[in-house]
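The block underneath contains the structure these notes are about, expressed in C-alpha cells.
The values are calculated or read from the model by the stated rules, or taken from the named source; none is laboratory data. Keep in mind the model is a prediction, meaning the values are calculated, not measured. In this analysis, Cβ positions are derived from the backbone assuming ideal geometry, glycine residues included, and neighbour counts consider all displayed protein chains.
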Amino acid sequence: MTGSQGPSGAKGEPLPEDPADRARAVVEAVVEALGVGGEVLVAESEAEIQVVVEGEDDPALLIGKHGATIDALQHLAARAAFQGTDGARKRVVIDAGGYRERRQGALERAADRAVEDALSFGRAVELDPMNSFERRIVHTHLKDRSDVETHSEGDEPDRRLVVSPLRPTA
C-alpha cells in the first residue's frame, strides 16, 4: 500500500469510512477466512461498537483458547475501525457464541470470591492475569463496594487485578 491510498481490507478492497462498518469488514474477513460461517451483526451506541457473530458453525474456533483469538480480533477490529481518524474513539467489543456474557459471569464470580477471601483473611487478594477489558469488568463490578478497593499491578501480559479490604473507620 502506498502512502496515498486509504486503508484496505481483505482482497485489497478499501475499508469503509464509517468505523462500525470498518469493524464489521474486519470481522467478516476473519469469519470467512476461518470458514466458521455465521452472520456478522453490528450495534452502535455513543460509547461502543458491538460486533456479534451469530449462527457460526464452530464458535470455539473464533473464540480460541481462553478467548485469545476473539480478544486479538477485537483489538484488530478496534485498530481498523479508527485507523486514520482523529475524532472520538469508542470501545469495540466482538462476541461469538455468547462468550462475552459467559466470561463476564465468570469474572464477576471470581471477583466475589476474591472479596470473600480478602475480607475473611484481612489481606489483599490477586486475581489471575487478565487483559484491560476484563480488568475493567471486575473494577466496574466491585466499584460500589464500601468494604474493598481494587487496583491493578504488574505489566502486560501479566497485569493482575488486586482486591484489598478497607479498614473500617472507628
Review point. Which of the residues belonging to region 128-151 are in a helix (DSSP H, G or I) and not charged (D, E, K, R)?
Key: 132, 133, 137, 138, 139, 140, 141, 142
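Where residues in region 11-40 are in a strand (DSSP E or B) and modelled with pLDDT of 90 or more, which of them is farthest from residue 81 (Cα to Cα)?
In this case the residue turns out to be 39.
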Point to revise | Single residue of region 22-40 satisfying the filter (without any contact (Cβ under 8 Å) to a residue 24 or more places away in the chain and in contact with a strand residue (DSSP E or B) (Cβ under 6 Å, 6 or more places away or on another chain)) that is surrounded by the most Cβ atoms within 10 Å (Cβ to Cβ) | key: 40
Check your understanding: Does residue 114 count as part of a helix (DSSP H, G or I), modelled with pLDDT under 95 and aliphatic (A, V, I, L, M)?
Key -> no
Check your understanding: For residue 140, are the conditions met, namely being among the hydroxyl-bearing types (Ser, Thr, Tyr) and loosely packed, with under 15 Cβ neighbours inside 10 Å?
Key -> yes
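Going through region 41-89 one residue at a time, which ones are aliphatic (A, V, I, L, M), free of Cβ contacts under 8 Å to residues at least 60 places away in the same chain, assigned to a helix (DSSP H, G or I) and within 15 Å of residue 23 (Cα to Cα)?
Residues satisfying the conditions are 70, 72, 73, 76, 77, 78.
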**Study point:** Selected residue [out of contact with any Ser or Thr (no Cβ under 7 Å at 6 or more places or on another chain), more than 19 Å from residue 161 (Cα to Cα) and of a type outside the set (A, V, I, L, M)] from 113, 91
**Key:** 91
Review point. Which condition breaks for residue 92 when tested against (1) within 20 Å of residue 25 (Cβ to Cβ); (2) among the β-branched types (Val, Ile, Thr); (3) part of a helix (DSSP H, G or I)?
Key: (3)
